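Taken together, the values in this text are just the output of simple stated rules run on the coordinates, not laboratory data. Fair warning: this is a prediction, and the values are worked out from it, not measured in the lab. Reconstructed Cβ throughout: ideal geometry from the backbone, glycine too, with neighbour counts over all protein chains shown.
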Amino acid sequence: MASLPPEERTWKTRIRAYLPYIGIPTLDVVLGIIAICAATLLIGGWKTAYLPAAIGQTWFALHGVSLTIDGVYLSQVPLLPAIGISALIAWRVRAATAKQVSILDLAAIAALVLVLPLLVSAMALFMVTDASAVFAIEPPPAWQALALPPCIHFIGFLFGIRHVLWRALASTVRVPVVAVDTARTSSMLLLLFGAGSMLVLLVLLVARYQSIATAYDAFPSTGWGTACMLILLSILYLPNAVVGMCAVLLGGSFHIGSGEVSLFDVLSVPLPPFPLFAAVPSTIAPWAAVLLAVPVVILLGFFVRRPSTMVEVAAIGSWTAVMFALCLLLAQGSAGAYGIIGADISSAVLFVFAWTVGVGGLVWLVRFARTFLNRSHSEEE
């Protein structure tokens, strides 16, 4: 494909060349779902008639689509599978674009990334809708079922394109290169926020281990099976908890139905018997506001190591706010009778923008003042 001159490349040759890169990982996900669902039904002794519905609902759950089972609506689905799928697509897109590619080549790859999960989602929606006439399930809203899986795959496409290629694309379409550079910088900053939030979350869980034991005892049947299930679900929901913790550390609030928790106050409500909710205290300690220093320290270290102009600081703040808003939207949802669980999006986005621009601007101002003073001393000498 790369040896063909641009004028000899057609859409047919492009699709044929890039289909293995995108089609195989998509097929791997589907086959993995089929294998897991079939094994679960066989081990559990359930009827194989459940298989089509199980496959469809598992596909949707892995892509952040809401589920309705026995009248219980669940849109608070784990983020870790969606992150894994996006990472898989990003890896294959990076391999597909390792050699020289044109804008039309990227368009062909993007089309495959969007169309293939759309086709699978349409089939999954048909299977779940058909099974809803027999079993106590309901199909998800069509817009969710057909939009979210392609979006998850497209996020992988965006992260799979190399930075050098993004810069070349920006130059081609006359977009300032600083927009590309600051977008990459913002993604790295979000990873640092996530690492810091995860560390705080794990410390809280260790400190409140008795609450974890209480959540475990709340289940009607305890044993190794229940413990393994809770551990697995906690791992799958860990990114959701990290996003919520990040919002709280930035000064925002986290809602659990009518309840609310922040670094300054807590409105207690009955919590789901789930280990990760052990991090939610019944009362706020007087020193809790000190945890605001966590994002400040991260931002100080980040901008001290990466000298940036004020324009770049503003762009980094904007990109970080947009990306964080997307994370918040994907991480929140309804959990049946417990209501909406997730961070307050508007305040969290506002705080992450304000902290980023504020701390970044302060570092820029200090660096500017030092440069000005050094220049003045040099002129006096």
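Summary table below
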quantity: CD proxy at 222 nm, helix term only [per DSSP H run n ≥ 4: -39500 (n - 2.57); per residue of the chain; nearest 500]; calculated: -23500 deg cm²/dmol
quantity: Cα-based shape type of segment 215-350, given that a ≥ b ≥ c are square roots of the gyration tensor eigenvalues and the cut on a/c is 1.5; calculated: prolate
quantity: Value of relative contact order over the chain, rounded to a whole percent, pairs C-alpha under 8 Å and six or more apart; calculated: 18 percent
quantity: Chymotrypsin sites (Phe, Trp or Tyr not before Pro) lying in DSSP loop within segment 30-78, provided at most 14 other Cβ fall within 10 Å; calculated: 46
quantity: Positive-end residue, the chain charge dipole about Cα centroid, Cβ charges, pick of 54, 299, 85; calculated: 85
quantity: Whole-angstrom gap from segment 156-196 to segment 73-122, using each part's C-alpha centre; calculated: 17 Å
quantity: Relative contact order computed over segment 185-380 (Cα-Cα under 8 Å; 6+ residues apart), in percent; calculated: 27 percent
quantity: Where trypsin sites (Lys or Arg not before Pro) in DSSP loops with at most 14 other Cβ within 10 Å are excluded, longest remaining stretch of the chain; calculated: 175-381
quantity: Peptides 128-139, 104-115 ordered by average Cβ neighbours within 10 Å, highest first; calculated: 104-115, 128-139
quantity: Interchain or long-range residues, amide H under 5 Å from residue 343's placed H; calculated: 255
quantity: Peptide ranges 282-293, 339-350, 256-267, 28-39 listed from the most packed, as the mean C-beta count within 10 angstrom indicates; calculated: 339-350, 256-267, 28-39, 282-293
quantity: Check: segment 6-161 dipole with +1 on Lys, Arg Cβ and -1 on Asp, Glu Cβ, in debye; calculated: 440 debye
quantity: Segment 6-161, relative contact order in percent, only Cα pairs under 8 angstrom and at least six apart counted; calculated: 33 percent
